[in-house]
Amino acid sequence: MIQFLLKGIIRDKNRSVLPVIVISIGVFLTVLFSAWFKGIFSDMINVNANFSTGHVKIMTRAYADNAGQMPNDLALMEAGQLINSLNTEFPTLEWVERIHFGGLLDVPGENGETRAQGMATGQGIDFFTPGSQEPERMNIPGSIVQGGLPDQPGEALISNDFAERFNVKIGDPITLFGSTMYGGMAFSNFTVAGTVRFGMRALDRGAILIDITDAQAVLDMSDAAGEVLGFFKDGQYDAEQALQVKTAFNAKYAADTDEFAPQMLRLNDQQGLDEYLAMADYISGGMTFLFILAMSIVLWNTGLLGGLRRYNEFGVRLAMGEAKNHIYRTLIIESLLIGAIGSVVGTILGLSAAYYLQEYGISFGSAVQGGGMMMPEVFRADITPESFYIGFIPGLLSMTLGNALSGIGIYKRRTAVLFKELSV
Amino acid sequence: MESIIQIDQLTKRFPAGTGQFTALKNISLEFRKGEFTGFVGPSGSGKTTLLNIIGSLDTPTEGEVTVLGHSIAQLSHKQSAQLRNRHLGFIFQTYNLFPVYTVYENVEFALLLQHMPAAERRKAVLDALEWVGLTDKIDSKPAQLSGGEGQRVAIARAMVKQPAIMLADEPTANLDSKNSHHILQTMKQLNEELNTTFLFATHDEKVMAYLTRIISLEDGRVVKDDVIMMDNVMED
């Protein structure tokens, strides 16, 4: 019977072409936008995790309360010992120290006098430890515009925008002015090893990246770190596992009332990411629901028109001894077949477009910058296993729902009345 | 002689505006296996309504109609569908073939509903098409057929399941004289060789010439019931 119905669908263009087009468009949009939203939120989470929040982050309670001010006077002490114990206790995560700081970058002229100055945000990360994942994690090698990574103490990376604005070349000296952990004045000379552009306005305006040991030396933070970040070694953020780690870690310090006691936060807990993650789910679910609703209404009408056009056929089938529920069932099977065809076509088209967006993305430039969130300027799609089946939900549901609604008319009429209406 | 249809005091009313229209009034009839009978009468006399009730497409308002031992009024929707599926064949004035399917597939559909195995189905379909002389048209679509060929396909579709009763509502109304006779000869041959009971609703005199029993209806009543020739029925 299915073969018989399939022949009808293929041969009767009125029955299949418009629904297949409608479903294909809906599925195409569902797959494309689903992959795109996933890509945007996934990039956003990764960028924030890699640059700022980690999968989990440890700070002192006081630092956490004022994290926006990068208060290194409230930093974690004995960071090395803390990391050793974390490595033992939570070996599924890689633990790294980070120091964020603000300061002034001074560009000296030929005679050593100030030629230019600019505000900069700085980060101390682990460049030099063999096997350190930090440069790759922050995509620094891929973001270098000129020069290369620092390979010895006293070298720094600065943002390319800053370098262009103040005509700083590779190998030029720059002076960092800042504040030590104890409130004293800090200044140190660095040699520019390279320039970087991350594609994020917050980082590209003015930034300096130095090795964590240089940062500790300049800021008088021996064996201290503003933050200790934990990253799952497989690179994938797991909210549940992160919660377990966080709960276990914080439980150890629950009785400690010291404001310098360490406190762990998950990625979700920081910078409103939890709301963003929830929003991503709502958007994805809402979008699928809207497509189902819109397509169902269109396909309901299509089904009604098709039903009217096929009244004659239904009447003959009733006369031939086919039960009404069987006719109804075949309508649903037909709609599933048409839905499946439309879903396959729409998914192929959607995946193709999503692949393009995954490779090239769309640049929204400075329009997306601002606030505490780090946002990539180029929004890319992310094709996941879900992308291969998400379109089938509206594709199959809308056609089935549309035909089920229109097919109710067959049930509502008594056989004889339907038969008379058909004038068979 | 086996009685296969009994109609006892059948009345059928339809809602009409605020009142009711009585289409059939106190009809009592009996039909035996192998009859070649026609209901004749002017439009609105109740021919089609009577055929629909016998075909379990409609139910009596009053009275009793029994077809092959099944009381039409007592049948559930599913049971009446099964009765039509297994034992009744319909032939319509406008053929009502499925336009997107081939001749073969149109005839095959009746057997698909019976879940007949593919090999048996194929044999039955080819036999039916051979009966009506259309084996050379099995891959044609209805639009490619003449009116007479279309009605022969409709007959093949109705007879392929070898029903006990064939109900034909004005089967020659859309055919010219030559095709009408061809169709009627085919049906007569079926009646004689397979002993299929035929009930017609018609006012075509060409059809009447073939009938062995003519029941005249007027305003929903039987006004005449003439047995023209009983040889075929008697043989049974």
B:TYR95: passes all of (1) surrounded by 22 or more Cβ atoms within 10 Å (Cβ to Cβ); (2) in contact with a strand residue (DSSP E or B) (Cβ under 8 Å, 6 or more places away or on another chain); (3) within 11 Å of chain A (Cβ to nearest Cβ) but (2)
Within the group A:LEU82, A:LEU86, A:LEU105, which residue is crowded, with 21+ Cβ neighbours inside 10 Å, part of a helix (DSSP H, G or I), of a type in the set (A, V, I, L, M) and not assigned by TED's automatic domain parsing to the domain that holds A:ASP281? A:LEU86
Is it true that some residue in segment B:134-148 is in contact with a Ser or Thr (Cβ under 9 Å, 6 or more places away or on another chain), within 11 Å of chain A (Cβ to nearest Cβ) and surrounded by fewer than 22 Cβ atoms within 10 Å (Cβ to Cβ)? yes
Check on A:LEU401, crowded, with 21+ Cβ neighbours inside 10 Å, within 21 Å of A:ILE292 (Cα to Cα) and either at pLDDT 80 or above or more than 14 Å from every other protein chain (Cβ to nearest Cβ) (or both): yes
If you go through segment A:17-31 one residue at a time, do you hit one that is within 14 Å of chain B (Cβ to nearest Cβ), among the polar types (S, T, N, Q) and in contact with a helix residue (DSSP H, G or I) (Cβ under 6 Å, 6 or more places away or on another chain)? no
List the number of the failed condition for A:ASP281; all other conditions in (1) assigned by TED's automatic domain parsing to the domain that holds A:LYS7; (2) within 26 Å of the chain's Cα centre (by Cα); (3) crowded, with 18+ Cβ neighbours inside 10 Å hold. (3)
Members of segment A:97-125 that are charged (D, E, K, R) and out of contact with any helix residue (DSSP H, G or I) (no Cβ under 6 Å at 6 or more places or on another chain): A:ARG98, A:ASP106, A:GLU110, A:GLU113, A:ARG115
Would you confirm, using the coordinates I've provided, whether B:THR37 is part of a helix (DSSP H, G or I) and out of contact with any Pro (no Cβ under 6 Å at 6 or more places or on another chain)? no
Count of residues meeting criterion [out of contact with any helix residue (DSSP H, G or I) (no Cβ under 9 Å at 6 or more places or on another chain) and buried (at least 23 other Cβ atoms within 10 Å of the Cβ)] in segment A:32-51: 0
Residue that is more than 14 Å from chain B (Cβ to nearest Cβ), over 27 Å from A:ASP382 (Cβ atoms) and under 24 Å from the mean Cα position of the chain (by Cα), where the choices are A:ILE125, A:ILE58: A:ILE58
Inside segment B:131-157, the number of residues satisfying the requirement of being outside any helix (DSSP H, G or I) and not hydroxyl-bearing (Ser, Thr, Tyr) is 7
Close pairs from segment A:58-74: first in the same structural domain as A:MET181 (by TED's automatic domain parsing), partner of a type in the set (Gly, Ala, Ser) and assigned to a helix (DSSP H, G or I), Cβ under 6 Å, at least 6 apart: A:LEU74/A:ALA62
In segment B:112-130, residues that are in a loop (DSSP other than H, G, I, E, B) and either more than 14 Å from chain A (Cβ to nearest Cβ) or hydrophobic (A, V, I, L, M, F, W, C) (or both) total 2
Going residue by residue through segment A:194-217, is there one that turns out to be outside any loop (DSSP other than H, G, I, E, B), under 17 Å from A:ILE99 (Cα atoms) and polar (S, T, N, Q)? yes
Apart from one, (1) part of a strand (DSSP E or B); (2) polar (S, T, N, Q); (3) touching an Asp or Glu at 6+ places or on another chain (Cβ under 7 Å) all hold for B:THR172; the odd one out is (1)
Which of the residues belonging to segment A:286-310 are within 14 Å of chain B (Cβ to nearest Cβ) and either among the small types (Gly, Ala, Ser) or surrounded by fewer than 17 Cβ atoms within 10 Å (Cβ to Cβ) (or both)? A:GLY306, A:ARG309
Test B:MET159 against the criterion of being in contact with a Phe, Trp or Tyr (Cβ under 6 Å, 6 or more places away or on another chain) and within 30 Å of B:SER43 (Cα to Cα), and give yes or no. no
Filter segment A:231-258 for residues that are assigned to a loop (DSSP other than H, G, I, E, B) and in contact with an Asp or Glu (Cβ under 8 Å, 6 or more places away or on another chain) and give the result. A:LYS233
Assess whether B:ILE215 counts as being among the β-branched types (Val, Ile, Thr) and within 22 Å of B:LEU29 (Cβ to Cβ). yes
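So that you can scan it fast, the table gives a plain yes or no per residue for (1) part of a helix (DSSP H, G or I); (2) more than 9 Å from every other protein chain (Cβ to nearest Cβ); (3) modelled with pLDDT of 95 or more:
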{"site": "B:PRO42", "(1), (2), (3)": "no, yes, no"}
{"site": "B:LEU57", "(1), (2), (3)": "no, no, no"}
{"site": "B:ARG84", "(1), (2), (3)": "yes, no, no"}
{"site": "B:PHE109", "(1), (2), (3)": "yes, no, no"}
Quick check on my filter: what residues within segment B:86-107 are closer than 20 Å to A:ILE327 by Cβ and not in a loop (DSSP other than H, G, I, E, B)? B:ARG86, B:HIS87, B:LEU88, B:GLY89, B:PHE90, B:GLU105, B:ASN106, B:VAL107
Scan of segment A:311-324 for residues that are more than 8 Å from chain B (Cβ to nearest Cβ) and either more than 21 Å from A:SER16 (Cα to Cα) or surrounded by fewer than 21 Cβ atoms within 10 Å (Cβ to Cβ) (or both), ordered by number: A:TYR311
Within the bounds of segment A:166-184, is there any residue that is more than 26 Å from A:MET221 (Cβ to Cβ), in contact with a Gly (Cβ under 6 Å, 6 or more places away or on another chain), of a type in the set (A, V, I, L, M, F, W, C) and assigned by TED's automatic domain parsing to the domain that holds A:ALA224? yes
Checking the conditions here, which among A:ASP126, A:ASP161, A:ASP151, A:ASP172 is acidic (Asp, Glu) and closer than 20 Å to A:ALA75 by Cα? A:ASP126
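The values are calculated or read from the model by the stated rules, or taken from the named source; none is laboratory data. Model, not experiment: these values are computed from the prediction. Note that each Cβ is placed from the backbone with ideal geometry, even for glycine, and that neighbours are counted across all protein chains shown.
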